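Shown next, in structure tokens, is the structure this report addresses.
The values are calculated or read from the model by the stated rules, or taken from the named source; none is laboratory data. In this text, all values refer to a predicted model and were calculated from it rather than measured experimentally. Neighbour counts run over all protein chains shown; Cβ positions are idealised from the backbone, glycine included. Only protein heavy atoms, including side chains, enter the accessible area calculation; ligands, DNA and RNA are left aside. Shrake-Rupley method; radii C 1.70, N 1.55, O 1.52, S 1.80 Å.
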Amino acid sequence: MVLHVTVVELPSRWGEPERALLEVDEILGRAPATEAATERLVLLPEASLTGYVSPEIDFDLTPFAEPIDGPTARALAGLARKHGTHLFGPLILEEDGALYNATVGFSPSGERIVTYRKRHPWVPERWASAGTNEYPLLDVAGARVTIACCFDVHFLHREAARTLDEADLLLFPSAWVEDDIDTRPRRLKTIARRHRTAVAAANWGRGAVRVPGQGNSFILNRSGDVVVNVPRGARRADASLDL
């Protein structure tokens with residue numbers, strides 16, 4: 001089966017989720033003609049609707065927390081329905097008295113199909129509780145899909161080897177920060193080759209906040225080869241993956 005995968009690279013903003021959602025709507029409206037005949041999956045970067053860090057370097061996302069049936073999740077479900085796609089996007093999730101850096105996924109009908117709570121919040125994410133559920137493995141149009149978020153990559157080799165062996169596609173949303181060389185591509189290529197799983201990596205782009213590590217969103221095939229990158233200044237990249 002062929003799955004058309006899109007990674008969206010939203011510019012870093014702070015506290016403007018409605019504006020970010022409008023941009024996602026516009027970006028998804030630019031679907032290439034070759035996409036129409038295949039199943040579709042779209043991935044947004046980590047915390048890209050609210051912002052991951054403010055221009056004043058404030059990492060506290062507590063003010064943006066919502067329940068699973070709040071306005072952000074409803075908006076993402078609506079976009080999945082409108083554009084006829086499986087859509088995976090970020091949510092600052094408030095649940096049972098705790099806050100999570102979450103990724104939620106919706107089917108083309110707008111049904112929520114997964115809620116992944118980041119297992120390993122990065123050090124500045126003091127607002128976030130660590131998710132305790134295992135890395136998911138779900139069926140998306142016949143493909144087996146799993147999710148890990150940003151800092152999780154350092155723990156996948158010992159926590160998710162069996163899941164990655166079974167997966168056809170790893171979704172990897174991130175708000176990557178790294179001062180020198182971006183090690184994200186090397187790490188994800190190793191995972192792809194070792195476990196024979198494709199990788200969709202959607203990273204935040206430069207915008208209101210500029211830090212090292214932004215940009216360079218890409219899609220890898222199951223051999224770890226780069227199929228496509230988001231070009232500099234662009235907002236999406238697309239690949240049809242034979243899974």
Looking at the chain, identify the longest residue range that excludes and avoids all GluC sites (Glu not before Pro) in DSSP loops having at most 15 other Cβ atoms within 10 Å.
179-243
How many times 2.2 N^0.38 Å is the alpha carbon radius of gyration of region 133-208?
1.11
Checking a compactness column here: for region 181-243, what do you get for Rg(Cα) / (2.2 N^0.38 Å), N being the number of residues?
1.15
As a Kirkwood estimate from alpha-carbon pairs, region 96-176 has a hydrodynamic radius in angstrom of 13.3
For region 127-236, state which trypsin sites (Lys or Arg not before Pro) are in a DSSP loop and have at most 16 other beta carbons lying within 10 Å of their beta carbon.
196, 206, 210, 232
Accessible area of region 3-86 with a 1.4 Å probe: how many percent of it is carbon plus sulfur?
54
Within the chain, percent of DSSP bridges classed antiparallel, to nearest 5
60
Intensity falloff of the chain expressed as log10 I(q)/I(0), Debye formula with alpha-carbon point scatterers, at q = 0.07, 0.10 Å⁻¹:
-0.19, -0.40
With N residues in region 71-131, what two-decimal value do you get for its Cα radius of gyration over 2.2 N^0.38 Å?
1.19
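Using the alpha carbon gyration tensor of region 17-155, what are the three equivalent-ellipsoid semi-axes (square root of 5 times each eigenvalue), largest first, in whole Å?
25, 18, 14
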